[in-house]
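Novice: Following this message is one structure expressed as structure tokens.
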Amino acid sequence: MTDRPAAFRRDWLRLARTPSVGAVTFRELIRRFGDPSLALEALPDLSRRVGRMTPIAPQTPAQAEDEIAAGDALGARLLLACDPGFPALLAALDPPPPLIWVLGDPRPLERTCVAIVGARAASALGLRFAGALASDLGAAGLTVVSGLARGVDGAAHQGALATGTAAVLGGGVDDIYPAQHADLYAAILAAEGCMVSENPPGRTASAADFPRRNRIIAGLSRAVVVVEAELRSGSLITARLAAEMGRDVLAVPGSPLDPRSRGGNDLLRQGAAVCEGAEDVLRSLAGLTGLAEPDLPFEPAPAVGPEPSGAATETTRDNILALLSPSPAPRDEIVRLSGLTTSEVNAALAELELSGHVVFTTGGGAALA
């Protein structure tokens, strides 16, 4: 799948797992240094240079090797964002996840994917619709993606078992959550489906993991269908992220008397397409154009040595810091207001994250820490 040396893959994993190195900063470090080992070498000095009181200590080689060994023991596959087999739509995200683990058959990820998400406490009609929709989409040659949660997610996976479905997990690829889906988890793997996660094998999901899980669901998919969702739900977060990525968002209309229909109905008011069956999804996909294709964002450049290339100046960092607040700001808005180039803003934001002044949201926006 890849000709990257084992040391390169280990160091890529080490950099991705290093505290204070999020996806935005990871990409900037790879672009700046050209190689994960060089970025790791420079990280302590770089974090000190940008004003961090305690320099960042990269993850140790032993920790990365332990994670790789744990994945190998499961039979899982580690896909780096620079690997040819990394899902193309994920690689095109801004920023893409540096890596994912895949357990099971990765071939469903090579087909066009559609996400079906919705309420955990779904109605009987909602569950029936989700299962039938997934079955019909699978029969049409599409891969159904969801999050293995109770309710709509489980019904969607169940409906697509015969054609191969992908479950994106909040914990590691071996973290079965909820426990009641142990049989479904096993059935997905037995039916040539797969589990996908950004997290290490053995990791138990926490609440903070699910927004990132939702971003992966949206990122893998060319369209997201919301079957039932209340106004405050993770399904609407997935739909919002999908819209920001340029994917199509569809919603199943429901009774205004049912709180589980309010989220979907609100999406329809905001311009989401109506979904009454697989034909609506297929029609939507037929008209979907202009999705970004990856430009090998992590293709390592020639090594540039231990000194950073393209580092931000203190003045640039101060100017960008002055534009930020505790409320997240989109990076394109920061570019517009600062008058700087996108690469200059990304470099400065990466250094501000390393210094502990800035945090990034799931959607890639920046806010004061």
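Novice: Of everything in segment 217-236, what is β-branched (Val, Ile, Thr) and either part of a loop (DSSP other than H, G, I, E, B) or over 13 Å from Ala115 (Cα atoms) (or both)? Give them in sequence order. Talk me through it step by step, then tell me what you get.
Specialist: The initial filter retains those residues of segment 217-236 that are β-branched (Val, Ile, Thr), namely 217, 224-227.
Correct list: Val227 only.
Novice: What strands (runs of 3 or more DSSP E), lying completely within segment 107-216, carry at least 2 residues that are without any contact (Cβ under 8 Å) to a residue 60 or more places away in the chain and crowded, with 23+ Cβ neighbours inside 10 Å? Even if it seems obvious, please write down each step before you answer.
Specialist: Numbers: elements: 113-117, 143-146, 165-168, 194-197.
Output list reads 143-146, 165-168.
Novice: Can you tell me how many residues in segment 265-283 are in contact (Cβ under 8 Å) with a residue 40 or more places away in the chain and under 26 Å from the mean Cα position of the chain (by Cα)?
Specialist: Adding up the residues that qualify gives 6.
Novice: Something else: Is at least one residue of segment 251-261 more than 17 Å from Arg128 (Cα to Cα) and touching a Ser or Thr at 6+ places or on another chain (Cβ under 9 Å)?
Specialist: Applying the first criterion (more than 17 Å from Arg128 (Cα to Cα)) to segment 251-261 yields 256-257, 259.
Within this subset, residues satisfying the condition of being touching a Ser or Thr at 6+ places or on another chain (Cβ under 9 Å) are none.
The answer is no, given that none of the residues of segment 251-261 is more than 17 Å from Arg128 (Cα to Cα) and touching a Ser or Thr at 6+ places or on another chain (Cβ under 9 Å).
Novice: Right, another one. Go through (1) at pLDDT below 95; (2) crowded, with 20+ Cβ neighbours inside 10 Å for Leu231 and report which single condition fails.
Specialist: (2)
Novice: Which of the residues that make up segment 258-307 are at pLDDT 75 or above, surrounded by 19 or more Cβ atoms within 10 Å (Cβ to Cβ) and part of a loop (DSSP other than H, G, I, E, B)?
Specialist: Correct list: Ala272, Cys275.
Novice: Can you tell which of Asp3, Asp45 is modelled with pLDDT under 95, part of a loop (DSSP other than H, G, I, E, B) and surrounded by fewer than 22 Cβ atoms within 10 Å (Cβ to Cβ)?
Specialist: Values: Asp45 fails: part of a loop (DSSP other than H, G, I, E, B).
None of the others qualify; the one that does is Asp3.
Novice: Output yes when any residue across segment 230-246 is under 21 Å from Arg107 (Cβ atoms), in the same structural domain as Ser135 (by TED's automatic domain parsing) and in contact with a strand residue (DSSP E or B) (Cβ under 9 Å, 6 or more places away or on another chain), and no when none is. Break it down into steps so the answer makes sense when it comes.
Specialist: Start the filter on segment 230-246 by keeping residues that are under 21 Å from Arg107 (Cβ atoms), which leaves none.
No; the residues of segment 230-246 include none that is under 21 Å from Arg107 (Cβ atoms), in the same structural domain as Ser135 (by TED's automatic domain parsing) and in contact with a strand residue (DSSP E or B) (Cβ under 9 Å, 6 or more places away or on another chain).
Novice: Moving on to the next point. Condition first: outside any strand (DSSP E or B) and either surrounded by fewer than 19 Cβ atoms within 10 Å (Cβ to Cβ) or among the basic types (Lys, Arg) (or both). Now tell me which residues in segment 75-105 satisfy that.
Specialist: So in segment 75-105, the residues outside any strand (DSSP E or B) come out as 75-76, 81-98, 105.
If the condition is that a residue be outside any strand (DSSP E or B) and either surrounded by fewer than 19 Cβ atoms within 10 Å (Cβ to Cβ) or among the basic types (Lys, Arg) (or both), then Gly75, Pro84, Gly85, Ala88, Ala92, Asp94, Asp105 are the ones that fit.
Novice: How many residues are surrounded by 20 or more Cβ atoms within 10 Å (Cβ to Cβ) and touching a helix residue (DSSP H, G or I) at 6+ places or on another chain (Cβ under 6 Å) if we restrict to segment 314-346?
Specialist: Number of matching residues: 5.
Novice: Quick one: which helices (runs of 4 or more DSSP H) sit completely within segment 314-369 and have at least 2 residues that are outside the structural domain of Pro55 (by TED's automatic domain parsing), farther than 12 Å from Val24 by Cβ and touching a strand residue (DSSP E or B) at 6+ places or on another chain (Cβ under 8 Å)?
Specialist: In segment 314-369, 314-323 are the helices (runs of 4 or more DSSP H) which contain 2 or more residues that are outside the structural domain of Pro55 (by TED's automatic domain parsing), farther than 12 Å from Val24 by Cβ and touching a strand residue (DSSP E or B) at 6+ places or on another chain (Cβ under 8 Å).
The values are calculated or read from the model by the stated rules, or taken from the named source; none is laboratory data. Computed from a prediction, not measured in an experiment: that's the story for all the values here. Backbone-built Cβ (ideal geometry, glycine too); neighbour counts: all protein chains shown.
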